[in-house]
Amino acid sequence: MAQQVEGKTAIVTGAGSGINLEFARLLLQDGANVVFADLALRPEAETLVRQHQKKAVFQKTDVTSWEDLNNMFKAAVDHFGSIDIVCPGAGVFEPHWSNFWYPPGSEQSKDDPLSGRYKLLDINLTHPIRVTQMAISHFLAASPPSSASNPKSIVHIASVAGQGASFPFPLYHASKHGVQALVRCMANLESLHGIRVTCVEPGLVKTPLWTDHPEKLKIVKEEQDVWVTPEEVAEVMLACVKDNEIPAGKNSGEREGATVPIKGGSCIEVLAGALRDVPMFNNVGPYATSRPGNNASDAQKIVDEIEGVLKPGWGQI
């Protein structure tokens, strides 16, 4: 139940930078209206919004605030009259201020030990769950409501981290496993109500989540590791909205002309020049292949840091 993009309205959280900015750019190029929902816009995003003043609007949004999320949906309706495509794309990659190895109450953490919450999980997991609920509510209440003849889309950003585990990044892995599970649970919405819920699972993507953080970049071996580009990921996200299949790519190891199917519940792995439909069971995982872009190869540096803090007294408030 793919849908055409021209004339439709999309909400993209985290559209101020990175993958979500590139997805918003492609939506605008295809004639969609876009609500850029983020705390702020980087200069390149500000320029894009100015260039598309009639079709793009910035809505300041803290995705951990359900009131802000509600206002985000209201802004889309107020400006453009309807909502057709929703991407709860905002996310963070294991920052020290919300990190399993720097627990609430430690000097690095900004998680309040009395709040009962981890900011990373609020951003990476609770926010996409809540936005999915809100999107479904809007789609069912639309006039006419979502259906096979009036399809709608929700596109999530998971990660190859949702297929595996690593000692340094437990909260990030947990959040992306959760997003993948959420998407799979929503598969029946496409046949029931014309609402297609999908996700992409990128490998190592060169975005400000990495480039603005030298404490993370140090685990990347530039001479060895291969980046997936934000544009590559955004193109697959657009295909999740408007196509029923997409070419597997030159590095997929598949025969020439092979395609990856897209349907409700699809989780599509995006590596450098290679796509794969990630199966729910018997998944070999991205790490079992030699395809470029699947990982940062020097995570031992983070492991060494963790070993340095795991001493008597760790985690005590």
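Eigenvalues of the Cα gyration tensor times 5, then square-rooted: what semi-axes does that give for the stretch 74-143, in whole angstrom, largest first? Walk me through the intermediate numbers first.
Numbers: eigenvalues 226, 23, 19 Å².
In descending order the semi-axes read 34, 11, 10 Å.
What distance in nm lies between label points placed 7 Å from Cα along the C-beta direction at Gln3 and Thr47?
3.1
Obtain the nm distance between the two label points defined at His96 and Ala258 by a simple spin-label model: each point lies 7 Å from its Cα along the Cα-to-C-beta direction.
4.3
Name the residues whose placed amide hydrogens come within less than 5 Å of the amide hydrogen of Asn251, ignoring near sequence neighbours (fewer than 5 apart) on the same chain.
Amide H neighbours of Asn251, under 5 Å, 5+ apart: Ala274.
Quick one: which residues, 5+ away or cross-chain, put their amide H under 5 Å from the amide H of Ser147? H built at 1.01 Å from N.
Correct list: Lys152.
Mind pulling the angle between the C-alpha long axis of helix 300-309 and the longest principal axis of the chain? Nearest 10 degrees, somewhere in 0 to 90.
The answer is roughly 60 degrees.
For a quick check, take a GNM of the chain with Cα springs below 10 Å and name the residue from Ala274, Ala258, Ala234 with the largest mean-square fluctuation.
Result: Ala258 has the largest fluctuation of those listed.
Who wins for biggest fluctuation among Glu223, Glu231, Glu190 in a Gaussian network model of the chain, springs between alpha carbons below 10 Å?
Glu223
Which residue, Glu215, Glu307, Glu235, has the most motion in a Gaussian network model of the chain that connects Cα atoms within less than 10 Å?
So, out of Glu215, Glu307, Glu235, the one fluctuating most is Glu307.
Given a cut-off of 24 Å, name the pairs among Lys74/Lys206; Lys54/Lys176; Lys176/Lys263; Lys54/Lys206; Lys8/Lys176 whose C-alpha atoms lie farther apart than that in the structure shown.
Beyond 24 Å: Lys74/Lys206; Lys54/Lys176; Lys54/Lys206; Lys8/Lys176.
Please identify the longest segment of the chain free of exposed chymotrypsin sites (Phe, Trp or Tyr not before Pro), where exposed means a DSSP state other than H, G, I, E or B and no more than 13 other Cβ atoms within 10 Å.
Numbers: sites that count: Phe281, Trp314.
Free of exposed loop sites, the longest segment is 1-280.
Using Cα atoms only, what is the angle between the long axis of helix 230-242 and the major principal axis of the chain, expressed in degrees (0 to 90) to the nearest 10?
40
Taking the convex hull of the Cα atoms, report for the stretch 191-317 its projected area averaged over all directions, in nm². If you can, show how the numbers build up before the last one.
Values: hull surface 46.8 nm².
Result: 11.7 nm².
What is the sum of charges around Gly31, taking Lys and Arg as +1, Asp and Glu as -1, for the other residues whose C-beta is under 10 Å from the C-beta of Gly31? Could the numbers behind the result be given before it?
Values: positive: Lys8, Lys55; negative: Glu6, Asp30.
Cβ neighbours under 10 Å give a net charge of 0.
Test of understanding: given the chain, find the longest segment containing no trypsin sites (Lys or Arg not before Pro) that are in a DSSP loop and have at most 10 other Cβ atoms within 10 Å. List each step's numbers first, then the result.
Working: sites that count: Lys54, Lys221, Arg255.
Free of exposed loop sites, the longest segment is 55-220.
Quick one: P(r) of the stretch 9-309 from all Cα-Cα pairs, 10 Å bins, percents rounded to integers, in order of increasing distance.
For the stretch 9-309, the binned pair fractions read 6, 28, 36, 23, 6, 0 percent.
Report Rg(Cα)/(2.2 N^0.38 Å) for the stretch 13-167, keeping two decimals.
Working: Rg = 16.8 Å, N = 155, 2.2 N^0.38 = 15.0 Å.
Computed over Cα atoms of the stretch 13-167, the ratio equals 1.12.
Checking the a/c ratio against 1.5 first, then a/b against b/c, what shape does the Cα gyration tensor give for the stretch 169-259?
Note, shape of the stretch 169-259 comes out oblate.
Run a plain Debye calculation on the stretch 1-72 (Cα atoms as equal point scatterers, no solvent) and give log10 I(q)/I(0) at q = 0.24 Å⁻¹, rounded to two decimals, same order as the q list.
Log10 of I(q)/I(0), two decimals: -1.02.
Against the longest alpha carbon principal axis of the chain, how many degrees, from 0 to 90 and to the nearest 10, is the axis of helix 127-141 turned?
Roughly 10 degrees between the two axes.
Under a cut-off of 13 Å between alpha-carbon atoms, report the aspartates and glutamates in cross-link reach of Lys301, not counting same-chain residues fewer than 8 places apart.
Glu215
Counting only residues 5 or more places away or on other chains, whose amide H sits under 5 Å from the amide H of Phe36 once H atoms are built in the peptide plane?
HN-HN under 5 Å from Phe36: Val57, Phe58, Gln59.
Values quoted throughout were computed directly from the atomic coordinates according to the rules given, and no laboratory measurement underlies them. What you are looking at is a predicted structure, and each value in this text was computed from that prediction instead of being measured. Here the Cβ is made from the backbone with ideal geometry for all residues, glycine too, and neighbour counts use every protein chain on show.
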